[in-house]
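Student: My questions all concern the structure below.
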Amino acid sequence: MMVKRSLGIWGIAAALVGVFAIAPAVATVNEKTPSEQTLRSLALRHGLYLGTAVDLSAAKKTDEPRYSQIIASQFSTITAENVMKWDALEPERGKYTWAAADAFMSLAADNHQLVRGHVLVWHNQLPCWLTEGVATGTITRDELREILKKHITTVVKRYRGRIWQWDVVNEAVSDSRDDADGVIRYKQFWYQHLGEEYIADAFRWARAADPKALLFYNDYNIEAFGDGSAKDKTQFVHTMVKNLRVKGVPIDGIGSQGHLSTRYGNYDAFQIAETLDRFASLGVATAITEADVRSPITEGVKQGLSDDVNAMVHAQAANYSALLRGCLGSRKCLSFTLWGFDDKHHWTTITDLGRGRGAESMAGIYDAGYRPKQAFTAMKADLAFSGAPYVQNRLPQKPMP
Ligand code: G3I
């Protein structure tokens, strides 16, 4: 028997009251709408730390208040773009210049932000006394190893207990473009002069200097696995970290830098999440550490032709969104850091990458006038309109002793 359901006037009234009764409850839970909230607060809904690299000279400019305001409001973790690198910390052998790095640490403390330390061992931005000493032979192999140990120990001890994640070793592995055969190998200065063992040494020395910091290996072009062959950089890094941890080397995380360009196809969120999960299966945490999406500055873009500019900003937003959703989709992805957030101070704008023929820049999520771009809005929506079962709180990582 069909029971005729008739709400009647009172039933409809009750239903409407009911709806409004629910609506204010939802509204009071988040007094701000998602679009009014910050990347920082929306990311923390998932336990995710949203960060940016900081150009300290820009942050200190009194005539650029928006730069610092955005850093303080939108991000819960920051990375020193340059002031914690070796050439900045020890420009002359044995003479450390801590002022800028200390100022950066104070900025993070003032903003209640976690710090990603960048970077202990890298082949770029090394002080001349070191590279020239090695080149002329005045610094022997054994001496170089002691110099590296002293550098890591001195820097890590100075900020002991105040660094959340350290990029201990950066970009130790070649790219398929580096050698004619496309095979992935160890590369550059430290490997050439100390051999592969410097990587394990660096992590052990960093751990000895700070028992709590999460120690990361950091590299680019490892957003997704390739064919698993000798030409697959992501596979090489996965195998390297696996073997080091089997040997008891204290590696707690893998940083995937995430430097993308709209000129390439790049990867989708599923591939990125799967890659981060496969890294995490080694027992490590992961992080997107240097996300940016640059674009070729075509004549059309230069002239501000809407077809060109729209295509660029849409493609940029889609790439940032893929990186962020990939991180959200992998519970060990603890942080998502932009390698700069505005076009005015972005490294792709300032360095040669952004100048001359084939220039690629406009990589920030804010334009040069601090106006948010589509990428900013897309990231905010990704953070706001996501949740269980496929996006859940981050899983904590215990530092390996
Ligand atoms: O400090 C000198 C200054 O004294 C001099 O007047 C000026 C003029 O050339 O150069 C200044 O050094 C610049 C340095 O940034 C500090 O601003 C270097 O020329 C410039 O090449 C250097 O660029 C940095 C680049 O690493 C170096 O490879 C970028 O700012 C920085 O964003 C970029 O960051 C790296 C990450 O550390 C590692 N992953 C890749 C990423 C992009 O290359």
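Student: Among the residues of segment 92-106, which ones are outside any loop (DSSP other than H, G, I, E, B) and among the small types (Gly, Ala, Ser)? Break it down into steps so the answer makes sense when it comes.
Tutor: Taking segment 92-106 and keeping what is outside any loop (DSSP other than H, G, I, E, B), we get 92, 95, 99-106.
If the condition is that a residue be outside any loop (DSSP other than H, G, I, E, B) and among the small types (Gly, Ala, Ser), then 99, 100, 101, 103, 106 are the ones that fit.
Student: Which one of the conditions (1) crowded, with 21+ Cβ neighbours inside 10 Å; (2) touching a residue at least 60 places away in the same chain (Cβ under 8 Å); (3) β-branched (Val, Ile, Thr) does residue 70 fail to meet, given that it meets all the rest?
Tutor: (1)
Student: Kindly list the number of the only condition in (1) in contact with a Ser or Thr (Cβ under 7 Å, 6 or more places away or on another chain); (2) not in a loop (DSSP other than H, G, I, E, B) that fails for residue 307.
Tutor: The number of the failed condition is (1).
Student: Within segment 351-380, how many residues turn out to be loosely packed, with under 15 Cβ neighbours inside 10 Å and hydrophobic (A, V, I, L, M, F, W, C)?
Tutor: Result for segment 351-380: 1.
Student: Further, regarding this structure: Got at least one residue in segment 361-369 being assigned to a helix (DSSP H, G or I) and more than 16 Å from the ligand (Cβ to nearest atom)?
Tutor: No, segment 361-369 has no match at all.
Student: Do we have any residue at all in segment 126-145 that's under 20 Å from the mean Cα position of the chain (by Cα) and not acidic (Asp, Glu)?
Tutor: no
Student: Could you pull out the residue among 313, 249, 293 that is of a type in the set (A, V, I, L, M, F, W, C) and under 17 Å from residue 216 (Cβ atoms)?
Tutor: Exactly one of 313, 249, 293 is of a type in the set (A, V, I, L, M, F, W, C) and under 17 Å from residue 216 (Cβ atoms), namely 249.
Student: Regarding residue 278, is this residue basic (Lys, Arg), in contact with a Gly (Cβ under 7 Å, 6 or more places away or on another chain) and in a helix (DSSP H, G or I)? Full working, then the answer.
Tutor: Numbers: basic (Lys, Arg): yes; in contact with a Gly (Cβ under 7 Å, 6 or more places away or on another chain): no; in a helix (DSSP H, G or I): yes.
For residue 278, the condition - basic (Lys, Arg), in contact with a Gly (Cβ under 7 Å, 6 or more places away or on another chain) and in a helix (DSSP H, G or I) - is not met.
Student: Does residue 91 satisfy the condition of being surrounded by fewer than 16 Cβ atoms within 10 Å (Cβ to Cβ), within 14 Å of the ligand (Cβ to nearest atom) and not polar (S, T, N, Q)?
Tutor: It is true that residue 91 is surrounded by fewer than 16 Cβ atoms within 10 Å (Cβ to Cβ), within 14 Å of the ligand (Cβ to nearest atom) and not polar (S, T, N, Q).
Student: Moving on. Can you name the residue in segment 41-64 that is at pLDDT 95 or above and more than 19 Å from residue 81 (Cβ to Cβ) and is also nearest to the chain's Cα centre (by Cα) among such residues?
Tutor: 48
Student: Of everything in segment 326-344 that's away from the ligand (no atom under 16 Å from the Cβ) and not basic (Lys, Arg), which residue is nearest to residue 45 (Cα to Cα)?
Tutor: Among residues in segment 326-344 that are away from the ligand (no atom under 16 Å from the Cβ) and not basic (Lys, Arg), the one nearest to residue 45 (Cα to Cα) is 328.
Student: May I pose another question? Which condition from (1) under 23 Å from residue 384 (Cβ atoms); (2) touching a strand residue (DSSP E or B) at 6+ places or on another chain (Cβ under 8 Å) is the one that residue 322 breaks?
Tutor: Failed condition: (2).
The values are calculated or read from the model by the stated rules, or taken from the named source; none is laboratory data. For clarity, every value in this text was computed on a predicted model and none was experimentally measured. FYI the Cβ positions are ideal-geometry reconstructions off the backbone, even for glycines, and counts take in every protein chain you see.
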